[in-house]
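Worksheet: the structure to be examined is printed underneath.
The values are calculated or read from the model by the stated rules, or taken from the named source; none is laboratory data. All values derive from a computational prediction rather than experimental measurement. Cβ placement follows ideal geometry from the backbone for every residue including glycine, while neighbour counts extend to all protein chains displayed.
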Ligand SMILES: [Zn+2]
């Protein structure tokens, strides 16, 4: 599940493969960039912002550009050595190939692919809330943005990238389990929003640098989550069967005993 940590890892893979390199070829297999040729362009750096990838480039005329992409549910970038077999995914899913003397970067099933002047990056990512894995992570601002929607369910608010950037469905479910909060709780009734936000940041940060996502501390198959993907299996704390239900546009997993429903009440003085 590409969430903030996966995107952060992907940005690092691309940075290691291409940063500082001059591109010797490019192949865009998407209609909007079909005629784009980045041969001779230099890759300055690769960065992530929430779940967005930003590959920053300099054109031969010195202008700075950004190649933006989004992995959504199924996208991926892979880096290979020149001549190495591309083992990632079926070839028909390839959307971009970038070549340098030392590496080949191949993108599969990407979304929102766009090449924009560097100065316009904000148009693509300026709406995002504080990035949980960004250098400018600001928990107080994330709490302030969440608190601006007291009626919304916390399950939906955590996924809204305008509040905070990087949480996807896996971390949403896991954070709420660990905090003992039902996903249906209105934001205004969540006892400790700051604690929830800080835990989300800690979980994502703990998974940086590896591809297996775990919130339990175990990297063994079938033991990496408390509730996510565990419908009808026993809760690791109380043994109750884990529930799965649609919430907004996504499904959510939770333990009805460990995460009791709370209603909005009067704000304590
Ligand atoms: Zn439970």
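May I ask you to list the residues in segment 107-120 that are buried (at least 17 other Cβ atoms within 10 Å of the Cβ), out of contact with any helix residue (DSSP H, G or I) (no Cβ under 7 Å at 6 or more places or on another chain) and at pLDDT 95 or above?
Listed by number, the list holds a single entry, 107.
Testing residue 191 on (1) within 26 Å of residue 147 (Cα to Cα); (2) assigned to a loop (DSSP other than H, G, I, E, B); (3) modelled with pLDDT of 95 or more, one condition comes back false. Which one is that?
(3)
Among the candidates 245, 213, 223, single out the residue that is surrounded by 15 or more Cβ atoms within 10 Å (Cβ to Cβ) and either over 29 Å from residue 136 (Cα atoms) or touching a residue at least 40 places away in the same chain (Cβ under 8 Å) (or both).
213
Sort through 42, 35 and tell me the only one that's in contact with a strand residue (DSSP E or B) (Cβ under 9 Å, 6 or more places away or on another chain), surrounded by 15 or more Cβ atoms within 10 Å (Cβ to Cβ) and without any contact (Cβ under 8 Å) to a residue 40 or more places away in the chain.
Of 42, 35, the one residue that is in contact with a strand residue (DSSP E or B) (Cβ under 9 Å, 6 or more places away or on another chain), surrounded by 15 or more Cβ atoms within 10 Å (Cβ to Cβ) and without any contact (Cβ under 8 Å) to a residue 40 or more places away in the chain is 42.
Could you check segment 1-92 for strands (runs of 3 or more DSSP E) lying wholly inside it with 3 or more residues that are within 30 Å of residue 250 (Cα to Cα) and within 20 Å of the chain's Cα centre (by Cα)?
42-49, 52-58, 64-70, 76-80
Scan 137, 184 and give me the residue that is over 20 Å from residue 242 (Cβ atoms) and in a loop (DSSP other than H, G, I, E, B).
Every option except 137 fails the conditions.
State yes or no: is residue 206 out of contact with any strand residue (DSSP E or B) (no Cβ under 9 Å at 6 or more places or on another chain) and either within 16 Å of the ligand (Cβ to nearest atom) or more than 20 Å from residue 72 (Cβ to Cβ) (or both)?
It is true that residue 206 is out of contact with any strand residue (DSSP E or B) (no Cβ under 9 Å at 6 or more places or on another chain) and either within 16 Å of the ligand (Cβ to nearest atom) or more than 20 Å from residue 72 (Cβ to Cβ) (or both).
Taking segment 230-263 on its own, how many of its residues are touching a helix residue (DSSP H, G or I) at 6+ places or on another chain (Cβ under 8 Å) and near the ligand (Cβ under 7 Å from one of its atoms)?
Count: 2.
State whether the residues of segment 180-200 include one that is out of contact with any helix residue (DSSP H, G or I) (no Cβ under 9 Å at 6 or more places or on another chain) and under 23 Å from residue 134 (Cβ atoms).
Taking every residue of segment 180-200 in turn, none turns out to be out of contact with any helix residue (DSSP H, G or I) (no Cβ under 9 Å at 6 or more places or on another chain) and under 23 Å from residue 134 (Cβ atoms).
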